[in-house]
1. Can you name the residue in region 1-23 that is acidic (Asp, Glu) and in a loop (DSSP other than H, G, I, E, B) and, of all such residues, is farthest from Ala136 (Cα to Cα)?
2. Just give me the residues in region 154-174 being assigned to a helix (DSSP H, G or I) and free of Cβ contacts under 8 Å to residues at least 12 places away in the same chain, in sequence order.
3. Does Pro186 count as farther than 27 Å from Asp21 by Cβ and in contact with a strand residue (DSSP E or B) (Cβ under 6 Å, 6 or more places away or on another chain)?
4. Please indicate, with yes or no, whether at least one residue in region 92-110 is among the aliphatic types (A, V, I, L, M), under 21 Å from Val27 (Cβ atoms), at pLDDT below 80 and assigned to a loop (DSSP other than H, G, I, E, B).
5. What's the total number of residues in region 138-153 that are more than 15 Å from Ile34 (Cα to Cα) and assigned to a helix (DSSP H, G or I)?
6. Please go through region 143-176 and give me each residue that is closer than 30 Å to Arg197 by Cα and among the acidic types (Asp, Glu), ordered by number.
7. Looking only at region 24-39, count how many residues are closer than 11 Å to Phe158 by Cβ and either β-branched (Val, Ile, Thr) or in a helix (DSSP H, G or I) (or both).
8. Starting from region 126-151, keep only residues that are at positive phi, then list their pairs with residues that are β-branched (Val, Ile, Thr) and in a helix (DSSP H, G or I) whose Cβ atoms are within a distance under 9 Å, requiring at least 6 positions of separation or different chains.
Amino acid sequence: MTVTISALYDDYADARSAVTDLERAGVPSDDISIVANNAEGWYGRDRTDIVDRDRDGRDDRAEGAAAGAGIGAVIGGAVGVLAGLGMLAIPGIGPVVAAGWLVSGAALAVGGGAVGGIVGALTQSGVDEDEAHVYAEGVRRGGTLVTARVPDAQRGMFESILSRNAVRIAERESAYRGEGWTRYDPATAPYTADEIRRERERYRTRTLT
């Protein structure tokens, strides 16, 4: 029997490390997913394989994702699930970089507008609905979500791997609700890059104090 476990990260590098550690611990790449907010345009920055046919200085794949395109090209040199990273647009979140089994569920919302592609994909996999809404909101605010299907008997070990440098989801939910937030709403406007930077700084300050 398999179960679905998830973790949210404020820093993409921490999420990437978690994915690598899961794979090293024996979780098949096909059972791992990653979804990272790309409102700041970090994906493709300082890379040599940027596609810019219209010579406007932006990666055409990012522009396509913002317009509702699906998964794009992979990152050269990556292995495992990270080798499948590409661009996707999700209502309420905007452009994301994503790969793995969860992506196919999230992609359904690109053209259909179903309530939160991420929320639907997570709840269908057994994640509590309230928790799924917090994860989706976390990605909307600039975070990265890592989700894995693991054997129930080894759940504790894999959750320990995911918990390294992860957001304490109950605390983050409490912070969101303290602002009046109730549920992830795909009809709301995506966060801008500046809003995401302010959001990250807010939680970084809390951690330091």
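The values are calculated or read from the model by the stated rules, or taken from the named source; none is laboratory data. Fair warning: this is a prediction, and the values are worked out from it, not measured in the lab. Note that we place each Cβ from the backbone using ideal geometry, even for glycine, and neighbour counts take in every protein chain shown.
1. Per the stated criteria, the residue is Asp11.
2. Gln154, Gly156, Ser160, Ala170, Glu171, Ser174
3. Considered against the rule, which asks whether it is farther than 27 Å from Asp21 by Cβ and in contact with a strand residue (DSSP E or B) (Cβ under 6 Å, 6 or more places away or on another chain), Pro186 comes out as no.
4. no
5. Of the residues in that region, 2 qualify.
6. Within region 143-176, Glu159, Glu171, Glu173 meet the criteria.
7. 3
8. Partner pairs satisfying both residue conditions: Gly142/Ile196.
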